[in-house]
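Heads up, the thing below is written out as structure tokens.
The values are calculated or read from the model by the stated rules, or taken from the named source; none is laboratory data. Since the structure is predicted, the reported quantities are computational estimates derived from the model, not experimental observations. Please note: Cβ atoms are built from the backbone with ideal geometry, for glycine as well, and neighbour counts cover all protein chains shown.
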Ligand SMILES: *Cc1c(COP(=O)(O)O)cnc(C)c1O
């Protein structure tokens, strides 16, 4: 490892990467790794996909940044692509997931302000929504919140997938509810479809906005462009980031008319958000995912992968359950997840945990069956080692 001056915010592996192509990463010593972390569900087309590098090259020769006081050809084209494929009517672009969550919270607050002065936001136990003080305030995990209190007021934590907790806390003052359709960092836990349906109808009855945080589970990862399509419940606001730029930083909120009409000029803004370079890359990513039939191929590949994982589960008692959907996959083990991940790392397979007992597989969405098999082979050999 080179001498460096990086702030101590991550426990890093002792490896320095310098290039990548597709599912493969190469360190400074020339070792090849199979990357099933994908920058944490970001590199949805793998590393350095030609559509992405071409979009960066072409757009950087045309226009990189202008102010949001003007229209640019790429933010309009990207907004059109997103809206054509959603049940919503407008998009706000920003630079990250956390910023998308901030925008969603502010939009819900503004909606509440206009509708009787309501301000309470309900959020879920065990959720993850980001690191800024606003997003952290609706992140239902004490380990992230504890050292940074006092946090945002007017927010209330409820129990995930628990109708009684929802009903008890759905007071007249609630202007919005934020939920991940599948909790990512919290351990790959799916929301129940019936819970989401009830949540949606309570939001409608009480004139509150339903926010789906699809930063990790959206942009094709579940086998549909938006995660909500898999659950049959349409939220008022969706937050996106991670896969949206395929590795280039961009985030967004997508909202219906009811929600988005609350914002007027001056309410919210960003200097970089929606800049031409980021939007050109994101448009190239969506074109590839949607029109290149990558999203439509996920169900089949994912079924194959889940079936193989289920086989490993019946072979190795240390595997407790296989969780998730599409290519947001969690393997729950009766073992320290980080130790399993280190053993996989030593065999040149990159994986990431989701909580202390769940190992996450986040391959790029265009992953080949051969690479899926290779990851299973390495993972299986680690399971064997552990079960000895
Ligand atoms: C990663 C993540 C975020 C935060 O996104 P950043 O780009 O890291 O700010 C928010 N919500 C969910 C569900 C995430 O997975």
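Quick look at the values:
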item	result
Top-ranked residue of the stretch 130-139 - restricted to ones that are outside any helix (DSSP H, G or I) and in contact (Cβ under 8 Å) with a residue 24 or more places away in the chain, ranked as nearest to the ligand (Cβ to nearest atom)	130
Residue tally, condition touching a residue at least 40 places away in the same chain (Cβ under 8 Å) and buried (at least 22 other Cβ atoms within 10 Å of the Cβ), over the stretch 334-345	1
Which listed residue is in contact (Cβ under 8 Å) with a residue 12 or more places away in the chain and more than 22 Å from residue 98 (Cβ to Cβ), from 277, 328, 283	283
Filter result for residue 187 (surrounded by fewer than 23 Cβ atoms within 10 Å (Cβ to Cβ) and within 16 Å of the ligand (Cβ to nearest atom))	yes
Filter result (within 22 Å of residue 215 (Cβ to Cβ) and in contact with a strand residue (DSSP E or B) (Cβ under 6 Å, 6 or more places away or on another chain)) within the stretch 354-383	354, 358, 359, 360, 361
Residue within the stretch 342-350 that is under 22 Å from residue 242 (Cβ atoms) and part of a strand (DSSP E or B) present	yes
Number of positions in the stretch 95-129 that are away from the ligand (no atom under 11 Å from the Cβ) and part of a helix (DSSP H, G or I)	11
Pair list, Cβ under 7 Å, 6 or more apart: the stretch 80-107 residue under 13 Å from residue 260 (Cβ atoms), other residue assigned to a strand (DSSP E or B) and within 9 Å of the ligand (Cβ to nearest atom)	104/239
Scope the stretch 212-253; condition within 11 Å of the ligand (Cβ to nearest atom), without any contact (Cβ under 8 Å) to a residue 60 or more places away in the chain and over 26 Å from residue 57 (Cβ atoms); matching residues	212, 214, 218, 227
Qualifying residue in the stretch 259-269 (condition: outside any loop (DSSP other than H, G, I, E, B) and either touching a strand residue (DSSP E or B) at 6+ places or on another chain (Cβ under 9 Å) or farther than 30 Å from residue 300 by Cβ (or both))	yes
Candidates 310, 300, 332, 385, filtered to the one that is over 20 Å from residue 24 (Cβ atoms) and not in a helix (DSSP H, G or I)	332
Flag if residue 213 is at pLDDT 95 or above, crowded, with 24+ Cβ neighbours inside 10 Å and within 22 Å of residue 326 (Cβ to Cβ)	yes
Failed criterion for residue 324 (all others in (1) in contact with a strand residue (DSSP E or B) (Cβ under 9 Å, 6 or more places away or on another chain); (2) assigned to a helix (DSSP H, G or I); (3) under 21 Å from residue 187 (Cβ atoms) hold)	(2)
